[in-house]
1. Take the conditions touching a helix residue (DSSP H, G or I) at 6+ places or on another chain (Cβ under 8 Å) and at pLDDT 80 or above and apply them to Leu17. Does it pass?
2. Which of the residues belonging to the range 11-51 are within 10 Å of the chain's Cα centre (by Cα) and either of a type in the set (Phe, Trp, Tyr) or not in a helix (DSSP H, G or I) (or both)?
Amino acid sequence: MPFILMFMTMLIIVVGLQFIIRGQRKQAAGKPARYFQWLGYSLIAMSLLLIFMGVLQVYDEAQHAIGH
């Protein structure tokens, strides 16, 4: 199950990078493309937040011992 979540997170990061690159290319062509860049940065920030939350959950499980 964790491998599926890691794959999904990496997929979100890759899509975010594609949106950032697409926005930069459109901006270089003289078209307004702030929306693509904003969407890409938001996807990357959300995936980093999900990674952080997952690490906290794993760390919390490791602290509890049987019989606690």
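The values are calculated or read from the model by the stated rules, or taken from the named source; none is laboratory data. This one's a predicted model, so the numbers in the text were calculated from it and none came from an experiment. We place every Cβ from the backbone using ideal geometry, glycine too, and count neighbours over all the protein chains shown.
1. So Leu17 fits the description; yes.
2. Tyr41
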